[in-house]
There are 2 protein chains.
Amino acid sequence: MSLKLIGKHRSFGGEQCKYRHYSEVLQCDMTFSIYLPSNKEKKKIPLIWWLSGLTCTDDNFSQKSGFQRLAEKYQVAVMIPDTSPRGEHVADDEGWDLGQGAGFYVNATQDPWAKHYNMYTYIVDELAAIASTLVPNFSGEESIMGHSMGGHGALIIGIKNAARFKAISAFAPILSPSQVPWGIKAFSTYLGEDKASWKEWDATELIKNSIDSPPIYITQGLEDQFYEIQLNEDNFLKNANTKMVTYQKVEGYDHSYFTIASFMEDHIKFHKNNLNK
Amino acid sequence: MSLKLIGKHRSFGGEQCKYRHYSEVLQCDMTFSIYLPSNKEKKKIPLIWWLSGLTCTDDNFSQKSGFQRLAEKYQVAVMIPDTSPRGEHVADDEGWDLGQGAGFYVNATQDPWAKHYNMYTYIVDELAAIASTLVPNFSGEESIMGHSMGGHGALIIGIKNAARFKAISAFAPILSPSQVPWGIKAFSTYLGEDKASWKEWDATELIKNSIDSPPIYITQGLEDQFYEIQLNEDNFLKNANTKMVTYQKVEGYDHSYFTIASFMEDHIKFHKNNLNK
């Protein structure tokens, strides 16, 4: 395995690390970041996954959210993948909401995307195997969270693997990608025009048939410029019915990392409580 | 006055704002950022200045340090200037440690720098006048902190204006600019080869003759790649003698914003305690 440590910074007592590796699933070089708490008490450490939004790399969350203070406080490791396959030989698009930086956490079936755009399997299988070797004293427990496109990613990965992920949380997630411009553009490109194939990648569809979804916690800013068009919650909440979904609207907050930072402690606490059960 | 709000984000209950204005002192358009806490209790609010390091703008600190949580917790406003004059018509250098992004918080006397590079007067006079209009219920109390080149800036501004600033703190400051490569390059360029003129911009010189310096709190990471060559503390501490300097070395931490974020609460607490006297 071609795993190479390319950055390490002491942060709140733990270590913020960045790695490069060759991904067999994505057929390209990738970077990811991982935070390891100090674990001074030598306990078993659970792992929270963070999936970022459109245009991000693994750096945005590690540099802008301030999560490390909380990961150290609550003694959890945090794994931060990139948002798409990367490289000059990897298919791309001129738009910022398609191609590199916009993998949408699906496995693509359409050319020229199918060769590299398999972020779902990359995260759920390949990166998970690597993460388990990097967290010292790993408890084996996992949960998942994300922002915007990454909120969509966290929901579909968490619901599709309900026995594995103990909790799902999201900031401003794309809850119904099959019904909104960002999702329709990505899904028709990566998955093709047959909308039946979109259902397995749409949280609003998945939650309808889920009988064992992990608890879900969502924070949505009411000053988020994308809220009405891209992030509407109505269909998701209707389909979730009585399942364990907490949907928190916050006045005055927008789509930025300032919102993520402001409510990060609520999210990490939510994960920690469910990981410890 | 040409003050224009160009960004505003709710953050931890307060507002992270960004402004553009024309600076008479610098003879160019400038941006700065300011954080205003919620002030729910309608108290008088003090102001802490943050000065950034080489290559930074006002965005680095507002996006990477997580200070907003603490500014809201301790109810202080925080003012973040840019690090130099800016613009195509402003003198510059190819090096990242000279010219734009590297104003060194001095008033330049040498051509072609003297026209624009007057960051000291810009901050102490022009920007201070603006800040006082932007902080609602401003107490009039000020303190100052910074990182690396900005730590140097905080020290010289704080010591030279000891009656005005209640506290000074710094992360990895350039304590003796006249004696280290970064400072020698900048001072010989901006101030000329006569080293006598450097003394009024060098904290190690200023602290020697200061009889009323505000209390000073410094955090230095021991894994900081610039520590030995650029940031050595020996001469400063010798000259400070018995004055109120706390110099904290922290094992394993480097020159990055991960260090700043990790120890920000210690610094904000230090400022708050001295502002409240």
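The values are calculated or read from the model by the stated rules, or taken from the named source; none is laboratory data. Only a predicted model underlies this, so the values are computations on that prediction, with no experimental measurement involved. Note that we place each Cβ from the backbone using ideal geometry, even for glycine, and neighbour counts take in every protein chain shown. Note: accessible area is taken over every heavy atom of the protein model, side chains too, but ligands, DNA and RNA are not part of it. Shrake-Rupley method; radii C 1.70, N 1.55, O 1.52, S 1.80 Å.
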- Task: Working only within the stretch A:179-192, note down all residues that are more than 24 Å from A:MET264 (Cβ to Cβ) and part of a helix (DSSP H, G or I).
- Result: A:GLN179, A:PRO181, A:GLY183, A:ILE184, A:LYS185, A:ALA186, A:PHE187, A:SER188, A:THR189, A:TYR190
- Would you confirm whether any residue within the stretch A:104-125 is of a type in the set (Gly, Ala, Ser), within 26 Å of A:HIS271 (Cβ to Cβ) and away from every other protein chain (no Cβ under 14 Å)? no
- Taking B:GLU94, is it part of a loop (DSSP other than H, G, I, E, B), modelled with pLDDT of 95 or more and under 26 Å from B:LEU3 (Cβ atoms)? no
- Note on the structure: Note: among A:ALA167, A:ALA261, just one is away from every other protein chain (no Cβ under 14 Å) and either aliphatic (A, V, I, L, M) or open to solvent by 20 Å² or more (accessible area, probe 1.4 Å) (or both), namely A:ALA167
- Identity of the residue in the stretch A:193-209, outside any helix (DSSP H, G or I) and open to solvent by 10 Å² or more (accessible area, probe 1.4 Å), that ends up farthest from the other protein chains (Cβ to nearest Cβ): A:ASP194
- Residues of the stretch A:210-221 being more than 18 Å from A:ASN235 (Cα to Cα) and either β-branched (Val, Ile, Thr) or open to solvent by 30 Å² or more (accessible area, probe 1.4 Å) (or both), in sequence order, are A:ASP212
- What single numbered condition from (1) surrounded by 24 or more Cβ atoms within 10 Å (Cβ to Cβ); (2) away from every other protein chain (no Cβ under 14 Å) fails to hold for A:VAL90? (1)
- Message: Anything in the stretch A:14-35 that is open to solvent by 30 Å² or more (accessible area, probe 1.4 Å) and not hydroxyl-bearing (Ser, Thr, Tyr)? List them, or say none.
- Response: A:GLU15, A:LYS18, A:ARG20, A:GLU24, A:VAL25, A:GLN27, A:ASP29
- Task: Can you work out which of the residues in the stretch A:179-192 that are surrounded by fewer than 20 Cβ atoms within 10 Å (Cβ to Cβ) and either over 15 Å from A:TYR105 (Cα atoms) or polar (S, T, N, Q) (or both) is farthest from the chain's Cα centre (by Cα)?
- Result: A:GLY192
- Taking the stretch A:36-62, which residues are crowded, with 20+ Cβ neighbours inside 10 Å, under 25 Å from A:GLY87 (Cα atoms) and within 14 Å of chain B (Cβ to nearest Cβ)? A:CYS56, A:ASN60, A:PHE61, A:SER62
- Message: Please go through (1) buried (at least 17 other Cβ atoms within 10 Å of the Cβ); (2) closer than 30 Å to A:CYS17 by Cβ for A:SER176 and return the number of the only condition it doesn't satisfy.
- Response: (2)
- Query: Does the stretch B:140-157 contain any residue that is surrounded by fewer than 17 Cβ atoms within 10 Å (Cβ to Cβ) and polar (S, T, N, Q)?
  - Reply: no
- Message: Is it the case, given these coordinates, that A:GLY101 is within 21 Å of A:GLN230 (Cβ to Cβ) and either crowded, with 20+ Cβ neighbours inside 10 Å or within 14 Å of another protein chain (Cβ to nearest Cβ) (or both)?
- Response: yes
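For the stretch A:63-74, which residues satisfy the criterion of being open to solvent by 10 Å² or more (accessible area, probe 1.4 Å) and either within 14 Å of another protein chain (Cβ to nearest Cβ) or free of Cβ contacts under 8 Å to residues at least 40 places away in the same chain (or both)?
A:GLN63, A:LYS64, A:GLY66, A:ARG69, A:GLU72, A:LYS73
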- Do you know which residues across the stretch B:245-255 are farther than 14 Å from B:GLY151 by Cβ and either in contact with a helix residue (DSSP H, G or I) (Cβ under 6 Å, 6 or more places away or on another chain) or open to solvent by less than 40 Å² (accessible area, probe 1.4 Å) (or both)? B:VAL250, B:GLY252, B:TYR253, B:ASP254
- Task: Please find, within the stretch A:264-277, the residue that is nearest to the other protein chains (Cβ to nearest Cβ) out of those that are at pLDDT 95 or above and open to solvent by 50 Å² or more (accessible area, probe 1.4 Å).
- Result: A:ASP266
- Task: Taking B:THR83 as the residue in question, decide whether it is among the β-branched types (Val, Ile, Thr), surrounded by fewer than 19 Cβ atoms within 10 Å (Cβ to Cβ) and modelled with pLDDT of 95 or more.
- Result: no
- Task: Could you please tell me which pairs satisfy a Cβ distance under 8 Å, a separation of 6+ or placement on different chains, a first residue in the stretch B:161-178 that is in a helix (DSSP H, G or I), and a second residue that is of a type in the set (Lys, Arg) and open to solvent by 10 Å² or more (accessible area, probe 1.4 Å)?
- Result: B:SER178/B:LYS195; B:SER178/B:LYS199
- Message: So, B:GLU228, is that one within 14 Å of another protein chain (Cβ to nearest Cβ) and either open to solvent by 10 Å² or more (accessible area, probe 1.4 Å) or closer than 26 Å to A:SER11 by Cα (or both) or not?
- Response: no
- Item | Leading residue by the ranking (nearest to A:LEU70 (Cα to Cα)) among those in the stretch A:7-39 that are in contact (Cβ under 8 Å) with a residue 24 or more places away in the chain and charged (D, E, K, R) | A:LYS18
- B:LYS4 being surrounded by fewer than 21 Cβ atoms within 10 Å (Cβ to Cβ) and either without any contact (Cβ under 8 Å) to a residue 12 or more places away in the chain or closer than 14 Å to B:ILE80 by Cα (or both): no
- Scan of the stretch B:231-258 for residues that are of a type in the set (D, E, K, R), touching a strand residue (DSSP E or B) at 6+ places or on another chain (Cβ under 8 Å) and either away from chain A (no Cβ under 14 Å) or without any contact (Cβ under 8 Å) to a residue 12 or more places away in the chain (or both), ordered by number: B:GLU233, B:LYS243
